[in-house]
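Engineer: The structure is given below, and queries will be raised subsequently.
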Amino acid sequence: MDLPELKEKLIKYGQPELAEIIDAAETVSGIDLELVSGLYRMASSGDRTAEEGDIAPIPVTVEDELDRVTRERYIRAGERLIRTGGFAAVTMAGGQGTRLGHNGPKGTYDIGVDEHSLFEIQARRLLRRAAISGGAQIPWYIMTSGENDSATKAFFEANGYFGYAPENVRFFKQFMLPMVGFDGRIIRDSFTSVKMGADGHGGVFRAMQAGGVIEDMKARGVRYAFIGGIDNVLVKLCDPLFIGFAYLNDLPCAGKSLIKRDPFEKAGVFCLKNGRPYVVEYTEISEEMARATDEAGNYIYGDAHILCNIFRIDTLEDAAGRSLPYHVAVKKTRYVDANGEITEPEKPNAYKFEAFIFDAFSRCDNMGILRVKREYEFAPVKNREGEDSPATARELYESAKARGKLD
Ligand code: UTP
């Protein structure tokens, strides 16, 4: 008898607890134990720094320094691509949002502005852009995870898709990996379930492929797609200038940057590694690299990656067909111990393995980086309080709005 059949039988005969064990067995049978044990070895050996390589600064285009003619050419080309259906937006909303600690998908969080959730902020902004571009239809793809997929869809349903045409919204799920305790044991978060975590924003390419998103984009004639996160309330999901910049220069991918506010701001920095575009994540940067300045006192590696990137459709396909390396994050997660007791730890207790979207950059021969203004483009919601919190994001959002910068 196979597992689904056994589960059905257990339910039929009134044994729901045992049926849950079958669910767990199904999850466990889908885990690549060899991969997970290799990842644990990497994590526990402390080998978490960026691999060796020849690191050098990367050329950057500063938006503010573009001459008027170039600027207008980019905007016109971007607008044309949007109008003719050649552009799509992707929002990655599969993260766990552990630092924010909100009960529900992060996109459902209300920072206290006119739009009542992070999802609504993005929907309204896309709708405004579509209207400016002559009523264009902008396909919007939203990445969820096994943990938040149904809650996310239900939220969209309950809110009438915030006025977005449902046929232009498509959800797709990312892959999951188990979280592993510091002793190498896979974490259980209840007596019968394994603690699975989304496999990082780098999982977006594989998930787009598996979820039929790339196929759908091709069928609609999409040439470039923006991919960003859900938690930056100032994200310009559809920025004609950025789109035109990528399109007219025929770039395989492009990313926005801004100057980091201090050497240890929690954002990766753009650079070249062995001559190819690369981002060193803040958890993996050496102090020397973080602090390095030129003669004028500017950071040599000062262009922070803000998870605002655009990819040509063939780059998406290429990235989907390859595996990106996994990085290790240390997280705090509820677990069930050997006696079946549930514990909410006070300190981090588990490794989570995540692929990073920017590891796909090094597949590209060239990449454009557009340095933009922080106050109009970046207000992340990461922590419950203090830096990068709902309070700081709200303030930045209101101030950008007051200056008419939310189109
Ligand atoms: P973060 O790396 O900041 O993670 O994600 P997070 O899940 O929001 O928060 P913490 O670290 O648990 O506190 C940046 C963006 O990438 C998305 C998130 O939803 C967010 O928009 N993301 C991250 C995914 O979609 N999937 C992932 O596996 C990881």
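Engineer: Whenever you get a sec, compute what percent of the accessible area on region 215-280 sits on carbon and sulfur atoms (1.4 Å probe).
Structural biologist: 47
Engineer: Moving on to the next point. Could you tally the net charge around Met179, taking each other residue with its Cβ under 9 Å from the Cβ of Met179, Lys/Arg +1 and Asp/Glu -1?
Structural biologist: +2
Engineer: Moving on. Residues in region 106-141, backbone N under 18 Å from the label point at Asp216 (7 Å along the Cα-to-beta-carbon vector): list them, ranges by number please.
Structural biologist: What the label zone holds, given the 18 Å backbone N cut-off, is 119-120, 122-124, 126-127, 137-141.
Engineer: Amide H to amide H, which residues 5 or more places from Asp231 or on other chains are under 5 Å from it, using H placed in the peptide plane?
Structural biologist: Hits under the 5 Å cutoff: none.
Engineer: Restricting to Cα pairs below 8 Å that are 6+ residues apart, what does the relative contact order work out to for the chain? Please round to a whole percent.
Structural biologist: On the way: 767 pairs, mean separation 91.7, N = 407.
Once divided by the residue count of the chain, the mean separation gives 23 percent.
Engineer: Here's something else I'd like to know. Quickly rank 234-242, 82-90 as a protection proxy: mean count of other C-beta atoms within 10 Å, highest first. Display every interim value, and only then the final one.
Structural biologist: Details: 234-242: 24.1, 82-90: 22.0.
Put in order of decreasing packing, that is 234-242, 82-90.
Engineer: Expressed in nm to one decimal, what extension gain is obtained for the pair Asn103 and Arg80 from 0.36 nm per residue of sequence separation less their Cα-Cα distance?
Structural biologist: On the way: separation 23, 0.36 × 23 = 8.28 nm, distance 4.06 nm.
4.2 nm is the gain from fully extending Asn103 to Arg80.
Engineer: Suppose each label sits 7 Å from its Cα in the direction of the beta carbon; what would the Arg374-Ile132 distance come out to in nanometres?
Structural biologist: The two pseudo-label positions are separated by 2.4 nm.
Engineer: On to the next question. Which entries in the list Lys218/Lys266; Lys236/Lys273; Lys218/Lys256; Lys173/Lys331 go over 30 Å, if you measure between the two C-alpha atoms of each? Let's see the in-between values first.
Structural biologist: Numbers: Lys218/Lys266 35 Å; Lys236/Lys273 28 Å; Lys218/Lys256 24 Å; Lys173/Lys331 22 Å.
Lys218/Lys266, as the Cα separations exceed 30 Å there.
Engineer: OK, next. Which residues does a label at Phe191 reach in region 1-19, if reach means a backbone N under 20 Å from a point 7 Å past the Cα toward the Cβ?
Structural biologist: Once the point is set 7 Å along Cα→Cβ of Phe191, 7-19 turn out to lie under 20 Å by backbone N, inside region 1-19.
Engineer: If you don't mind, another one. Counting only helical runs of four or more DSSP H residues, what would the 222 nm mean residue ellipticity of the chain come to if each run contributes -39,500 (n - 2.57) and the total is spread over all its residues?
Structural biologist: My calculation for the chain gives -9500 deg cm²/dmol from helical runs alone.
Engineer: Let me ask something additional. Report the dimensions of region 185-276 along its three principal axes from the alpha-carbon atoms, largest first, rounded to Å.
Structural biologist: Principal-axis extents of the Cα atoms in region 185-276, largest first: 55, 44, 33 Å.
Engineer: Next question. Can you tell me the FRET efficiency between Val60 and Ile31 if r is taken as the Cβ-Cβ distance and R0 is 60 Å, rounded to the nearest 0.05?
Structural biologist: 0.90
Engineer: I would also like to ask the following. Positive end of the charge dipole of region 276-407 (Lys, Arg +1 and Asp, Glu -1 on Cβ, about the Cα centre): tell me which of Ala320, Val381, Met289 has its Cα farthest that way.
Structural biologist: Final value for the positive-end residue is Val381.
Engineer: Provide the FRET efficiency to the nearest 0.05 for the Glu288-Tyr13 pair, computing r from the beta carbons and using R0 = 45 Å. Display every interim value, and only then the final one.
Structural biologist: Working: r = 65 Å, r/R0 = 1.44.
Calculated transfer efficiency: 0.10.
Engineer: OK, next. Quick check for me: using +1 on Lys/Arg Cβ and -1 on Asp/Glu Cβ, what's the dipole size of region 1-49 about its Cα centre, in debye to the nearest 20?
Structural biologist: Values: 5 positive and 10 negative charges, 29 e Å.
It comes to approximately 140 debye.
Engineer: Between Glu5 and Thr70, with labels modelled 7 Å along Cα→Cβ, what's the label distance in nm to one decimal, could you check?
Structural biologist: Distance between the two pseudo-spin positions: 6.7 nm.
Engineer: Now, a different point. If you average over every viewing direction, what projected area does the convex hull of the Cα atoms of the chain give, in nm²?
Structural biologist: Dividing the Cα hull surface by four gives the mean projection, 22.0 nm².
Engineer: What length, rounded to one decimal in nm, is gained on full extension from Arg276 through to Glu387, with 0.36 nm per residue of separation minus their alpha-carbon distance? Please list the in-between numbers first.
Structural biologist: Numbers: separation 111, 0.36 × 111 = 39.96 nm, distance 3.23 nm.
Value of the extension gain: 36.7 nm.
Engineer: I would also like to ask the following. So, in nm, how far is label Arg261 from label Ala24 when the simple model puts each one 7 Å beyond its Cα toward the Cβ?
Structural biologist: Those two pseudo-labels are separated by 4.4 nm.
Engineer: May I ask for the net charge around Phe87, where only other residues with Cβ less than 12 Å from the Cβ of Phe87 are counted and Lys, Arg are +1 while Asp, Glu are -1?
Structural biologist: Its environment carries a net charge of +4.
Engineer: On the first, second and third principal axes, largest extent first, how far apart are the outermost C-alpha atoms of region 1-145 in Å?
Structural biologist: Here the spans come out as 72, 46, 33 Å, largest first.
Engineer: About the Cα centre of the chain, how large is the charge dipole given +1 on each Lys and Arg Cβ and -1 on each Asp and Glu Cβ? Please answer in debye to the nearest 20. Could the numbers behind the result be given before it?
Structural biologist: On the way: 52 positive and 62 negative charges, 233 e Å.
The dipole magnitude comes to about 1120 debye.
The values are calculated or read from the model by the stated rules, or taken from the named source; none is laboratory data. Quick caveat: nothing in here was measured; it's all calculated off a predicted structure. Glycine also receives a Cβ, built like all others from the backbone with ideal geometry; neighbour counts cover every protein chain displayed. These area figures cover heavy atoms from the full protein model, side chains too; ligands, DNA and RNA do not enter into them. Shrake-Rupley method; radii C 1.70, N 1.55, O 1.52, S 1.80 Å.
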